[in-house]
1. Within 10 Å, count the other beta carbons around each residue, average over each peptide in 43-53, 151-161, 76-86, and list them highest first.
2. Over the range 21-65, what lengths in whole Å, largest first, do the semi-axes of the equivalent ellipsoid take, defined as the square roots of 5 times the eigenvalues of the alpha-carbon gyration tensor?
3. Looking at the range 2-202, send over the antiparallel percent of its DSSP beta bridges, to the nearest 5.
4. Using the Cα centre of the range 125-179 as the reference point, and only Cβ charges (+1 on K/R, -1 on D/E), how large is the resulting charge dipole? Debye, rounded to the nearest 20.
5. Quick one: putting +1 on the C-beta of Lys and Arg, -1 on the C-beta of Asp and Glu, what dipole do you get for the chain around its Cα centre, in Debye to the nearest 20?
6. For a quick check: with amide H placed at 1.01 Å from N, whose amide H comes under 5 Å from TYR85's, ignoring anything fewer than 5 positions away on the same chain?
7. How many angstrom lie between the Cα centre of the range 4-33 and the Cα centre of the range 134-198?
8. In percent, how large is the relative contact order of the range 2-202, given Cα pairs closer than 8 Å and 6 or more residues apart?
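Nothing in this text is a laboratory measurement; each read-out follows from the coordinates by a stated rule. Owing to the predicted nature of the structure, the values given are computational and were not obtained by experimental measurement. With ideal geometry, Cβ positions are generated from the backbone for all residues, glycine too; neighbour counts draw on all protein chains shown.
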Amino acid sequence: MAATFYFDLGSPYAYLAAERVDEVLGEDVVWQPLSLGALFKLNGRSSWSLAGEQPRRQGIQEVERRARSRGLAPLRWPEPWPGNYLMAMRAATFAFAAGHGREFTLRAFRHAFQRGRDLSLPEHVLDAALAAGLERERVSAAVEDPQVKLALREATDAAHALGVLGVPTVAVTHGGQGDAELFWGDDRLEQAAALLSAHSERW
């Protein structure tokens, strides 16, 4: 069995999951960036943060409650939030290809939700890249690379075909092209881990 963690840097729930996914699921889990905006369009959905004042306020309060309960730093929300994270997700796609994916992703999430940095702004994305050991110039060029753009688009299309509706989602598969069991939400990591554990015990 294999596990894949789907995320977008604009999602605070994906930030919460990223802070503990390796601990809960093990470091063999694959981290897969995708474009949540594109996924929403494919699924005909939208973000809870855009659903009106009350759902937005309740969502923000719940994220902050979960962060406190897990001992994370107090949240500082970027202004504005949400924004356009396409460049950030292309940077994440490149970072994984360059061997710095987890480090960049965690740095970028913490820049956004611990320091209140708007990842719609290229300089903030490049700051996170530099902190993760990547050269700003390489990342700046990579986000304009047609192959990087294609890789992100194909990853998003593949997630949609698998049935992913939003992030964070963990997909647990038997490998190959088999069906996947999807666990949507940062509060479902333990369920995904239980499935992986049960499978390993059988084998």
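1. Values: 43-53: 11.6, 151-161: 17.3, 76-86: 15.6.
Top of the packing list down: 151-161, 76-86, 43-53.
2. Numbers: eigenvalues 136, 71, 7 Å².
Equivalent ellipsoid semi-axes, largest first: 26, 19, 6 Å.
3. Numbers: 10 of 14 bridges.
If we restrict to bridges inside the range 2-202, about 70 percent are antiparallel.
4. Details: 4 positive and 8 negative charges, 10 e Å.
Taking the Cα centre of the range 125-179 as origin, the dipole is about 40 debye.
5. Numbers: 22 positive and 26 negative charges, 103 e Å.
So the magnitude is around 500 debye.
6. none
7. The range 4-33 and the range 134-198 have Cα centres spaced 9 Å from each other.
8. Details: 300 pairs, mean separation 61.1, N = 201.
Normalised by residue count, the contact order of the range 2-202 is 30 percent.
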